[in-house]
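Have a look at the structure below, then the notes.
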């Protein structure tokens, strides 16, 4: 039987009760603040303008519908591939 271990445990309990908490003075409250940079504001304006713009060009849609209905609608695979690559290059590079 180890008596020293028991004494050490008693010492821990004895010192635990003597711990005193010191109260600190209240610090002044601060408010959170958010500032948006000029670039961020420009981005918001551009985003709002894009949201208000028409996404569908009605004249082009009407022309395609007319060609499709008459059976004259033909898509060139080479032309389509060239446009896709061109669009990809402008987005990526």
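Just give me the residues in segment 63-78 being surrounded by 10 or more Cβ atoms within 10 Å (Cβ to Cβ) and assigned to a helix (DSSP H, G or I), in sequence order.
63, 64, 65, 66, 67, 68
Going residue by residue through segment 51-58, is there one that turns out to be assigned to a helix (DSSP H, G or I), loosely packed, with under 10 Cβ neighbours inside 10 Å and at pLDDT 90 or above? Don't jump to the end; show me each part of the working.
Narrowing segment 51-58 to residues assigned to a helix (DSSP H, G or I): 51-52, 58.
Now narrow it down to the ones that are loosely packed, with under 10 Cβ neighbours inside 10 Å: 51-52, 58.
Those still in the list that are at pLDDT 90 or above too: none.
Looking through segment 51-58, none of the residues is assigned to a helix (DSSP H, G or I), loosely packed, with under 10 Cβ neighbours inside 10 Å and at pLDDT 90 or above.
The values are calculated or read from the model by the stated rules, or taken from the named source; none is laboratory data. It should be emphasised that the depicted structure is a prediction, and the values quoted were computed from it without experimental measurement. Neighbour counts run over all protein chains shown; Cβ positions are idealised from the backbone, glycine included.
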